[in-house]
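Asker: Below you will find the structure I want to go over with you.
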Amino acid sequence: MYKAKVNITLRKSILDPKGKAAHHALQNLGLNNVEDVRIGKFVEMNIEAGSKDEAYALAETACTKLLANEVMEDFRIEIE
Amino acid sequence: MAKKIGVIVFPGSNCDHDAYHAMKHVMNAETEFLWHKDTNLEGIDLLIVPGGFSYGDYLRSGAIARFSPVMNAVQNYVKEGRPVLGICNGFQILLEAGLLPGAMLHNEKLRFVCKNVHIRVESAQSQFTSGLKKGDVLKIPVSHGEGNYFIDEDGLASLEEYDQIAFRYCTAAGEITDEANFNGSVSAIAGITNLEGNVLGMMPHPERAMEPILGNSDGIVFFNSVFNTLQLA
């Protein structure tokens, strides 16, 4: 059994209003060294697969078909 | 045979009854609900994918609904060139299903906005807008938190080249301004059609503006155009 950890974020070129609002609030807290905030989704999946590569391929299919919308989002997969 | 309108009901749809009422009791058309597990769209002359929060907007608006059984039938229905109108969440579902290009982001200022806005007819080429004139201004309510339409530059150029932008947000006088584009949509886009012109997605709710006694009846102007073009009356 493998564990897939997936991070989904808005594409860099797209303004992230939630990240911007959080960044503004962090500045109000005095955390002025925080320069940029991007907010995304984190998805964990337990995957039954014969190998790490196979688990990665399955996770990638899950991302492209459902979990991420590639028109506006990027995803990063880690397999453990 | 009388023409028939179908309104799809997903778990979490909440403008399905508004659409049904507008079609059945204001436009006087034969109208029926279609459950999202129905797969038979025979005899439906106009299909409405209504607004609401299908599947609680989990993951992304429309992302889960597009896997409902009815959506395979909708794909075929569209391929046959028959007309589909997606309103609000219905628009989001059609985007997720790949029946229209682009995606929806959260409103730029993060607020859920529920009010009357003005939209300008940008193209009178589609099956839905050919009874309107380019430049016509309609007052139609919006009600959404994720209506910030996004498409990349190439996609926008293509929408413009093929005259697929149906509506843009504007002022009451029909001017396109940053203020009128309240949700931050690319190029102030409020509604688009597919290349073939038989699928229209729009964020504003014409079905909520059907009766003068409720303060706004510009939705009738839009639906008259749809009914005349598709000969539904």
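Asker: Over chain B, consider all pairs of different Cα atoms and compute the Kirkwood hydrodynamic radius from their mean reciprocal separation; express it in Å, one decimal.
Answerer: Numbers: mean 1/r = 0.0581 Å⁻¹.
Value: 17.2 Å, from the Cα pair sum.
Asker: Next question. Efficiency by 1/(1 + (r/R0)^6): what FRET value for residue B:40 and residue B:116, r their Cβ-Cβ distance, R0 = 51 Å, to the nearest 0.05?
Answerer: Computed FRET efficiency for residue B:40 and residue B:116: 0.85.
Asker: May I ask for the net charge around residue A:68, where only other residues with Cβ less than 11 Å from the Cβ of residue A:68 are counted and Lys, Arg are +1 while Asp, Glu are -1?
Answerer: Neighbour charge sum, excluding residue A:68 itself: +1.
Asker: Let me make sure I get this right: for segment B:152-203, a, b and c are the square roots of the gyration tensor eigenvalues over alpha carbons, sorted descending. Under 1.5 in a/c it's rounded, otherwise prolate if a/b > b/c, else oblate. Which is it?
Answerer: Taking the square roots of the gyration eigenvalues as a ≥ b ≥ c, segment B:152-203 is prolate.
Asker: I want to verify a result. In a Gaussian network model of chain A, Cα cutoff 10 Å, which of these has the top mean-square fluctuation: A:35, A:70, A:44?
Answerer: Looking only at A:35, A:70, A:44, the biggest GNM fluctuation is shown by A:35.
Asker: Let me know the shape class of segment B:101-186, please: from the alpha-carbon gyration tensor, a ≥ b ≥ c as square roots of the eigenvalues, rounded when a/c is under 1.5, otherwise prolate if a/b is greater than b/c, or oblate.
Answerer: Note, shape of segment B:101-186 comes out oblate.
Asker: With springs only between Cα atoms under 10 Å, which of B:76, B:198, B:183 fluctuates most in a Gaussian network model of chain B?
Answerer: Greatest mean-square fluctuation among the candidates belongs to B:76.
Asker: Averaged across orientations, what area in nm² does the convex hull of the alpha carbons in chain A project?
Answerer: 6.2 nm²
Asker: What net charge is computed for the residues neighbouring residue A:6, neighbours being all others with C-beta under 10 Å from the C-beta of residue A:6, Lys and Arg scored +1, Asp and Glu -1?
Answerer: Once all neighbours under 10 Å are counted, the net charge is 0.
Asker: Ratio of Rg to Rh for the protein assembly as shown, alpha carbon only, Kirkwood?
Answerer: Dividing the radius of gyration by the Kirkwood radius yields 1.00.
Asker: log10 I(q)/I(0), Debye, Cα-only segment B:145-233, no solvent, q = 0.14, 0.16, 0.24 Å⁻¹?
Answerer: Evaluating at q = 0.14, 0.16, 0.24 Å⁻¹ gives log10 I(q)/I(0) of -0.59, -0.76, -1.32.
Asker: Once amide H atoms are placed 1.01 Å from N in the peptide plane, what residues at a sequence separation of 5 or more from residue B:10, or on another chain, have their amide H within under 5 Å of its amide H?
Answerer: none
Asker: Check each of the GluC sites (Glu not before Pro) in segment B:18-63 and keep only those in coil by DSSP with at most 15 other C-beta atoms within 10 angstrom; list them in order.
Answerer: B:42
Asker: Could you rank the peptides B:118-129, B:100-111, A:52-63 by their average count of other C-beta atoms within 10 Å per residue, with the highest value first? Display every interim value, and only then the final one.
Answerer: Numbers: B:118-129: 22.8, B:100-111: 19.6, A:52-63: 16.5.
Highest-to-lowest ranking by the protection proxy: B:118-129, B:100-111, A:52-63.
Asker: Around residue B:143, under 15 Å between beta carbons, what's the net of Lys plus Arg minus Asp minus Glu among the other residues?
Answerer: -1
All of the numbers you see were taken from the coordinates with simple rules; none came from a lab. These figures come from a predicted structure and were not determined experimentally. Every residue, glycine among them, receives a Cβ derived from its backbone with ideal geometry; neighbour counts consider all protein chains shown.
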